[in-house]
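Trainee: For reference, the structure I am asking about is given below.
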Amino acid sequence: MSGPMDQLIKERKRIVQTITKFADPVQTKRELHSLEHVSQIDVLTPEIISSTPTTITMEYFTGVTAFSALEILARNNKHSEVEKLLDTILTDLFTLQESSRHFGSGVYPYRQKMLEITEMLRLKDMDLFADKILAKLDGLEESFVIQAHIPFRDATPKNYTILNESESSVEKNGIAEGFIIGHFDFATFHMNTHQYDDVISVLYHYMVRDEIRDRLLSKYSVDLFGSESALATTILRLGRFWLRRVYYQSYHESLFKKRYKFESIR
Ligand SMILES: Nc1ncnc2c1ncn2[C@@H]1O[C@H](COP(=O)(O)OP(=O)(O)OP(=O)(O)O)[C@@H](O)[C@H]1O
Ligand SMILES: [Mg+2]
């Protein structure tokens, strides 16, 4: 028998698929719920093929991650393309944020995450710094929580694919005009955070020059130190980046060398 259904099945078979595993059914459900919500917004998410309580089979975006593309572009001094790519990611992020206010069912665990930062500060003999944060933690948490209205996307460039590009095509020609970005990994989207949290996740990477970051922050009127809640968010996110880096450096040297291989080690 052939007919429209047959055609649909054939098209479906042509989709390259990937299976993502989740630790438990709650996480799977959250990811499905987030993907379903985001698929209705004007950003591209993978089509869901099927799911079980601990896996989701979804469309695989063939291309290069935005993170790898940024690395290659920066290494080749194509800084205006770096800026353009980041600008597009930010535009998508703000579209997503606009349509998702209060989507999360809880607030990002600010206190717990900050306490982990202070623990590491102590391990690194930076007790004075830890004490300063602890003395202000109640106030910081309060100002963060009252402005935590937007789901935490975890908008790092590792969570996007530029479709139909490859490392060698970016190396050779940069990124094509009219490039398309695919969005995946919504593991943290059920937690509400401050709007600027994800802006930091997009912009604070070693391959982004200060002047590019400053221009984009000013284009979108983002002042990371402009209010108590913005400040609380900036300390949180940059603190988390610092924590992850020091953790790898101190306890997983070989992974550290791999993960941070192009960054200057300070
Ligand atoms: N739908 C997809 N299309 C293309 N690539 C994908 C897709 N889903 C996942 N990936 C790839 O698999 C990797 C891991 O997936 P994901 O981001 O969901 O998990 P993660 O826990 O954040 O892992 P990582 O820390 O490696 O990013 C991604 O970095 C990306 O390269
Ligand atoms: Mg990821």
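Trainee: In debye, nearest 20: dipole of the chain around its Cα centre with unit charges on the Cβ of K, R (+) and D, E (-)? If you can, show how the numbers build up before the last one.
Mentor: Working: 33 positive and 37 negative charges, 142 e Å.
With only Lys, Arg, Asp and Glu charged at Cβ, the dipole is about 680 debye.
Trainee: Express the carbon and sulfur contribution to the solvent-accessible surface of the chain as a percent, rounded to the nearest whole number, probe 1.4 angstrom.
Mentor: Details: 7800 of 14650 Å².
Exposed carbon and sulfur together represent 53 percent of the surface.
Trainee: Multiplying the sequence separation of Ser227 and Tyr260 by 0.36 nm and subtracting their Cα-Cα distance, what value in nm do you get? Provide the component values of the computation, followed by the final result.
Mentor: Numbers: separation 33, 0.36 × 33 = 11.88 nm, distance 3.17 nm.
Length gained between Ser227 and Tyr260: 8.7 nm.
Trainee: If you find the alpha carbon centre of the range 130-149 and of the range 55-102, how far apart are they in angstrom?
Mentor: Distance between centres, Cα-based: 30 Å.
Trainee: What is the range 180-249 by shape, rounded, prolate or oblate, if you read a ≥ b ≥ c off the alpha carbon gyration tensor as root eigenvalues and call it rounded for a/c under 1.5, prolate for a/b larger than b/c, and oblate otherwise? Each step should come with its number before you reach the end.
Mentor: Details: a/c = 1.16, a/b = 1.12, b/c = 1.04.
Cα axes put the range 180-249 in the rounded bin.
Trainee: Just check the range 141-231 against the gyration tensor rule for me: Cα atoms, a ≥ b ≥ c as the square roots of the eigenvalues, rounded for a/c under 1.5, and otherwise prolate or oblate depending on whether a/b exceeds b/c. Each step should come with its number before you reach the end.
Mentor: Numbers: a/c = 3.07, a/b = 1.65, b/c = 1.85.
Here the range 141-231 falls in the oblate category.
Trainee: Can you work out the accessible area per residue across the chain, with the rest of the protein chains kept in place, probe 1.4 Å, in square angstrom? Kindly include the intermediate steps, with their values, before the conclusion.
Mentor: Values: 14650 Å² over 266 residues.
About 55 Å² of surface per residue is accessible.
Trainee: Taking 28 Å as the cut-off for C-alpha to C-alpha distance, list the pairs among Lys219/Lys257; Lys124/Lys258; Lys113/Lys158; Lys113/Lys257 that go past it.
Mentor: Working: Lys219/Lys257 35 Å; Lys124/Lys258 22 Å; Lys113/Lys158 21 Å; Lys113/Lys257 25 Å.
Exceeds cut-off: Lys219/Lys257.
Trainee: Residues with amide H under 5 Å of Val107's amide H, sequence separation 5 or more or different chain, H placed in the peptide plane at 1.01 Å from N; which?
Mentor: Under 5 Å from the amide H of Val107 lie the amide H atoms of Asn192, each far enough along the sequence or on another chain.
Trainee: Each label point is 7 Å from the Cα along the Cα-to-Cβ direction; what then is the distance between the points at Glu253 and Arg111, in nm?
Mentor: Here the answer is 3.9 nm between the modelled labels.
Trainee: Helix by helix through the chain, keep the DSSP H runs that span 15 Å or more along the axis on Cα and average at least -0.5 on Kyte-Doolittle, and give those back in order.
Mentor: Details: long enough: 4-14 (16 Å, -1.70); 25-38 (20 Å, -0.89); 79-98 (28 Å, -0.03); 110-123 (20 Å, -0.41); 127-146 (29 Å, 0.55); 228-251 (34 Å, -0.12).
Span-like helices, by this rule, are 79-98, 110-123, 127-146, 228-251.
Trainee: Classify the range 37-122: rounded, prolate or oblate, from the alpha-carbon gyration tensor (a ≥ b ≥ c, eigenvalue square roots; a/c under 1.5 rounded; otherwise prolate if a/b is larger than b/c)? Don't skip to the answer; put the middle values down first.
Mentor: Working: a/c = 1.60, a/b = 1.07, b/c = 1.50.
Oblate.
Trainee: Can I ask one more? Sort out for me the Cα centre separation of the range 213-266 from the range 153-191, rounded to whole Å.
Mentor: Comparing the Cα centres of the range 213-266 and the range 153-191, I get a distance of 20 Å.
The values are calculated or read from the model by the stated rules, or taken from the named source; none is laboratory data. No experiment lies behind these values; they were computed from the predicted model shown. Glycine also receives a Cβ, built like all others from the backbone with ideal geometry; neighbour counts cover every protein chain displayed. Keep in mind that these areas ignore ligands, DNA and RNA; they rest on the heavy atoms of the full protein, side chains included. Shrake-Rupley method; radii C 1.70, N 1.55, O 1.52, S 1.80 Å.
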